[in-house]
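Just so it is clear, none of the values below were taken in a lab; they were calculated from the coordinates. None of these values were measured; they are calculated from a predicted model. Because the Cβ atoms are built from the backbone with ideal geometry, glycine has one as well, and the counts that use them run over all protein chains shown.
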Amino acid sequence: MNVQFLDMKAPYLELKEELDAAYRRVMDSGWYILGQEVESFEAEFAAYCGTKYCIGVGNGLDALHLIVRAMGIGTLDEVIVPANTYIASWLGVSCAGAKPVPVEPDENTYNINPLLIEAAITERTKAIMAVHLYGQPADMDAINAIAKQYNLKVIEDGAQAHGAKYKGKRVGSLGDAAGFSFYPTKNLAANGDGGAVTTNDADLADRIRLMRNYGSRVKYENEIQGFNSRLDELQAALLRVKLAKLDEWNLRRTKLAEIYLNNLATETLPFVPEWAEPVWHLFVIRQSQRDTLQQHLHQAGISTLIHYPIPPHLSTAYTGGKWHINSFPITEKLAQQVLSIPISPHITNEEVSRVCDTLKKFNVAKGLVA
Ligand SMILES: *Cc1c(COP(=O)(O)O)cnc(C)c1O
């Protein structure tokens, strides 16, 4: 039996009746954009995150882009971003016309290293973007303290961390605004594209609400030059069913992560700070002979992925940024060494044990572990 990296149909099969009912409810309603389902999901997700407002948008990138823009950040402005992240975090800044300024990660948590942020601040810096990578919350107190000192906004990228907690508080409620993605592989997943912004800032929420809908509050009255980026009724209805299940599914991930943490014989396991309650979007190990290991696991029928093989600063999309190899050595080393092994609410303890056994055999044979 092969171990799949992620079975995207499994959540549907588990909740088939409720999801089918939600689908029929929307189809029967005859109303498909900006209606009751989106409003209800927004209220439910805001309550879940512990924020006053939630605005459903088209996808995670738009959520970040609209936040940056609604904060009045644009041309000539700079936003500090993690060097080690998915490129969408940077693109959210670039879409608004501002410049992403990368900062290296902490070598243990892989999240932005707060100790290195101050050196990257200039007169043009307007905000810091914290990404809760792999489902592990970033060190928000340290980030917020620097932001306060320099009068900067704090944006969370929660696309991989729905439900994760930092010192008991949910991500999405820890900065000025947060962007979420409901892409089908995420912990809270739509059956298509979707995204949301959470915030406690009434003015910011109002601006994003305008921007997602052509700059219009009243039909055919356009206050600003807006965009079209709306979470649709069907996705919202499906997400409401899955939101009710999110804590249970995150708990299953946590139990599987515990098996890995206790049994996996590898060079470097994920590190969890005492203040973090991660939701294990990905379980990422590090290994010096990463490509050989990946090949070995593949031959044993175990699928793995690399998050991410090319850091944003070395991608062709950002060649204009004048970065080069060795600009961000920690990020580049991670790109060489990280390997994501299967974790999801729908894989079994047996599958996880098989991954542990196969990996151990490889590492014992290589003399990498005893
Ligand atoms: C998935 C993801 C995004 C973008 O979300 P989309 O819905 O695909 O646009 C942004 N940031 C991070 C960290 C992500 O993992």
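The table that follows gives values for the structure above.
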read-out: Residue among D62, D20 that is touching a residue at least 12 places away in the same chain (Cβ under 8 Å) and charged (D, E, K, R); value: D62
read-out: Subset of the stretch 28-73 that is among the polar types (S, T, N, Q) and away from the ligand (no atom under 13 Å from the Cβ) - its residue that is surrounded by the most Cβ atoms within 10 Å (Cβ to Cβ); value: T51
read-out: Some residue of the stretch 227-236 being polar (S, T, N, Q) and more than 16 Å from the ligand (Cβ to nearest atom); value: no
read-out: Positions within the stretch 339-350 being touching a residue at least 60 places away in the same chain (Cβ under 8 Å) and either of a type in the set (A, V, I, L, M, F, W, C) or not in a helix (DSSP H, G or I) (or both), in sequence order; value: S340, I341, P342, I343, S344, P345, H346, I347
read-out: Residue within the stretch 129-138 that is under 26 Å from L334 (Cα atoms) and away from the ligand (no atom under 15 Å from the Cβ) present; value: no
read-out: Residue in the stretch 188-197 that is more than 15 Å from the chain's Cα centre (by Cα) and within 16 Å of the ligand (Cβ to nearest atom) present; value: yes
read-out: Residues located in the stretch 74-97, provided they are buried (at least 24 other Cβ atoms within 10 Å of the Cβ) and either away from the ligand (no atom under 14 Å from the Cβ) or in a strand (DSSP E or B) (or both); value: V79, I80, V81, P82
read-out: Candidates A10, A46 - the one that is of a type outside the set (F, W, Y), touching a residue at least 24 places away in the same chain (Cβ under 8 Å) and in contact with a His (Cβ under 6 Å, 6 or more places away or on another chain); value: A10
read-out: Members of the stretch 208-263 that are touching a strand residue (DSSP E or B) at 6+ places or on another chain (Cβ under 7 Å) and small (G, A, S); value: G215, S216, G226, S229, A236, A257
read-out: Tally, over the stretch 48-67, of residues that are under 18 Å from A164 (Cα atoms) and within 13 Å of the chain's Cα centre (by Cα); value: 1
read-out: Test: residue in the stretch 124-147 that is surrounded by 24 or more Cβ atoms within 10 Å (Cβ to Cβ), of a type in the set (S, T, Y) and closer than 26 Å to P278 by Cα; value: no
read-out: Count of the stretch 139-165 residues which are in contact (Cβ under 8 Å) with a residue 60 or more places away in the chain, within 16 Å of the ligand (Cβ to nearest atom) and closer than 16 Å to N113 by Cα; value: 2
read-out: Close pairs from the stretch 208-233: first part of a strand (DSSP E or B), partner among the basic types (K, R), Cβ under 8 Å, at least 6 apart; value: N213/R230; R217/R209; N228/R212
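For (1) assigned to a loop (DSSP other than H, G, I, E, B); (2) under 21 Å from the mean Cα position of the chain (by Cα); (3) of a type in the set (V, I, T), each residue gets a yes or a no:
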position: W249; (1), (2), (3): no, yes, no
position: R252; (1), (2), (3): no, yes, no
position: K255; (1), (2), (3): no, yes, no
position: T266; (1), (2), (3): yes, no, yes
position: W280; (1), (2), (3): yes, yes, no
position: S288; (1), (2), (3): yes, no, no
position: D291; (1), (2), (3): no, no, no
position: Q294; (1), (2), (3): no, no, no
